[in-house]
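Notes to accompany the following structure.
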Amino acid sequence: STEATADFPLGITFSVEFESDEPIGRAELFYTSDGDESLRLVTVPVPDPTTRTLSYFLDLQIYYFPPGIDFLFQWRLTGENGLSIDSEQMRAPWIDTRFEWTTIQTEDVQVASYSGGEEFAQRILDSAQLAVDKIQNDLGAELDQQVRIWAYANTDDFAGTKAPNSEEWSVGMA
């Protein structure tokens, strides 16, 4: 079984628990952000070949990813005999847990907010959906995934999501 436990803004701990008659010689964690074509690989130390639980803490203060994305991750365990097995690919949300988010959505757009009320969130959703419809009609393009918008109430709240020592300006991530 696999699991990911987020500790915003510090990072995510990826864990795997398994059964095996074969001692484990190598453990690898593959992860990426949803929509990213680059796959990252971490070789996780195996302190004892008979261990049946492993974990890896991804420090997101160093390896920054913005909140609001999903991580996709998968473990590969290789026995001392050279045979390996891959876990299922799993999804782990990386969310700013300082706030209690509410979401509204259409098929194309999702808006998450914690302040401003339903009317505020609905205005954002309506505006974003109009923009998506216009772009799709004008360009004949289709979305391959839902647009997700995270609405922060003020600059200070939003600043808590940025990478340490980052620039003063931000636009977004696609």
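The values are calculated or read from the model by the stated rules, or taken from the named source; none is laboratory data. Computed from a predicted model, the values in this text were never measured in an experiment. For neighbour counting, all protein chains shown are included, and Cβ atoms are generated from backbone atoms with ideal geometry for every residue, glycine included. When the accessible area is computed, the model is the full protein with side chains, heavy atoms only, and any ligands, DNA or RNA have been set aside. Shrake-Rupley method; radii C 1.70, N 1.55, O 1.52, S 1.80 Å.
Structure values in brief
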quantity: Some residue of the range 108-121 being among the acidic types (Asp, Glu), within 13 Å of Trp150 (Cβ to Cβ) and open to solvent by less than 50 Å² (accessible area, probe 1.4 Å); calculated: no
quantity: Qualifying residues in the range 76-88 (those that are in a strand (DSSP E or B) and open to solvent by less than 80 Å² (accessible area, probe 1.4 Å)) - the one farthest from Ala112 (Cα to Cα); calculated: Gly79
quantity: Flag if Ala4 is touching a Ser or Thr at 6+ places or on another chain (Cβ under 8 Å), open to solvent by less than 70 Å² (accessible area, probe 1.4 Å), closer than 24 Å to Ala163 by Cβ and not in a loop (DSSP other than H, G, I, E, B); calculated: yes
quantity: Where Phe30 falls short, out of the listed (1) open to solvent by 30 Å² or more (accessible area, probe 1.4 Å); (2) at pLDDT 95 or above; (3) under 30 Å from Lys134 (Cβ atoms); calculated: (3)
quantity: Hey, Arg91 closer than 30 Å to Asp126 by Cα, modelled with pLDDT of 95 or more, open to solvent by 60 Å² or more (accessible area, probe 1.4 Å) and in a strand (DSSP E or B) or not; calculated: yes
quantity: Matching residues, the range 142-174, being of a type in the set (Ser, Thr, Tyr), over 21 Å from Trp101 (Cα atoms) and modelled with pLDDT of 80 or more; calculated: none
quantity: Candidates Arg98, Arg123, filtered to the one that is among the basic types (Lys, Arg) and part of a loop (DSSP other than H, G, I, E, B); calculated: Arg98
quantity: Qualifying residue in the range 58-75 (condition: in a strand (DSSP E or B), open to solvent by 70 Å² or more (accessible area, probe 1.4 Å) and modelled with pLDDT of 95 or more); calculated: no
quantity: Residue list for the range 7-18, filter: surrounded by fewer than 18 Cβ atoms within 10 Å (Cβ to Cβ) and either assigned to a strand (DSSP E or B) or touching a Leu at 6+ places or on another chain (Cβ under 7 Å) (or both); calculated: Asp7, Leu10, Thr13, Ser15, Glu17, Phe18
quantity: Criterion violated by Gly25 - all others in (1) at pLDDT below 95; (2) surrounded by fewer than 17 Cβ atoms within 10 Å (Cβ to Cβ); (3) part of a loop (DSSP other than H, G, I, E, B) satisfied; calculated: (3)
quantity: Verdict on Arg52 being modelled with pLDDT of 95 or more and open to solvent by 50 Å² or more (accessible area, probe 1.4 Å); calculated: no
quantity: Inter-residue pairs, beta-carbon under 7 Å, first at positive phi and in the range 50-75, second charged (D, E, K, R) and open to solvent by 50 Å² or more (accessible area, probe 1.4 Å), 6+ apart; calculated: Gly68/Arg148
quantity: Breaking point among (1) out of contact with any helix residue (DSSP H, G or I) (no Cβ under 7 Å at 6 or more places or on another chain); (2) touching a residue at least 12 places away in the same chain (Cβ under 8 Å); (3) under 28 Å from Pro9 (Cα atoms); (4) not aliphatic (A, V, I, L, M), for Ser113; calculated: (1)
